[in-house]
Amino acid sequence: MVKVTVIGGGSLGVKIIGELAFHGHEVRVYDRSPERLDYVRLRVQDEKALLCEDGLLPPSGFVGDIFYVSRLEEAVRTSDFIFEAVPEDLALKQDLFEWISQCCKIDAVIATNSMTLSIDSIAERASNKARCLGVRYLYPVYCIPEVEIVPGSQTALATLEKVRKFLGRMGKVAFFRSGTEPLVLTSKQREAKKAEFIKNIRESKGNVQKIPQTIPNLADKQILSKGAEFDLEEPSGREKDCVVCMDEERNYGIFPPYFESITHEDEA
């Protein structure tokens, strides 16, 4: 169990909350408005009902606990991971990152779910920028194994490794954004992934660790731009479609042997 905070209770934020609680984490949800928190609580209950309807959640509900908090300091003080999922407002995100970085643990990871804003701009006033990055869950979250990672210019390799391990324990596969455009799945792709996830989770009797870990197929040229070039060797014991985005249409997850080969100069 990991202590996690989610800031933002929109459509995506609610699904991130549910996903984290589904996997047994202790989740704190922050909004300064108690009325908004009551609304988010109802939305989370709706998510539970949908998961039960698909046969993915027992009637008893999520494994992890969810707490709804209207004070930012209380919401982030003991958390190991803090995920921001508020609207695409740079000033708002900058304020949040600054406040969060002053209230949370020094080694807590602070992540934004922004699709288009610069990580460096968002974390401009945050302290300890090495722990700040973009971690973007792909909608509708539960059934999508891929999670898009966007490091800032000061994001530490240790932060990337910490995030990779955290996501991996939930059956997620982290990948670096290829180019400047975010990955957006089509409705057809979402439905296909949902059907596959439901099939796998039922065959594994609800144990996500028993679901085969495959490198995600992201090489659709209609939704991926070409990435930056990295001089990396091919990993042994894995398929070729892994590691980090290179200057060709390929699929790349984040794997430990390659972190030392990645520099921010390469990403620029």
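The values are calculated or read from the model by the stated rules, or taken from the named source; none is laboratory data. Quantities reported herein were computed from a predicted structural model and do not represent experimental measurements. Counting neighbours? That spans all protein chains shown, and the Cβs are built from the backbone with ideal geometry, glycine included. Areas reflect the complete protein model, heavy atoms only, side chains present, ligands, DNA and RNA absent. Shrake-Rupley method; radii C 1.70, N 1.55, O 1.52, S 1.80 Å.
Numerical summary
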| item | result |
| --- | --- |
| Sparse-neighbourhood loop sites, trypsin sites (Lys or Arg not before Pro) in the stretch 1-80 - DSSP loop, at most 13 other Cβ within 10 angstrom | Arg32, Arg71 |
| Amide hydrogen neighbours beyond the local backbone of Thr112, cut-off 5 Å, H modeled | Glu84, Leu133, Gly134, Val135 |
| Inter-label distance, nm, simple model (7 Å from Cα along the C-beta direction), Ser127/Asp38 | 3.6 |
| Residue-level accessible surface for Thr116, protein heavy atoms, 1.4 Å, Å² | 100 |
| For the stretch 14-140: accessible area per residue (Å², 1.4 Å) | 44 |
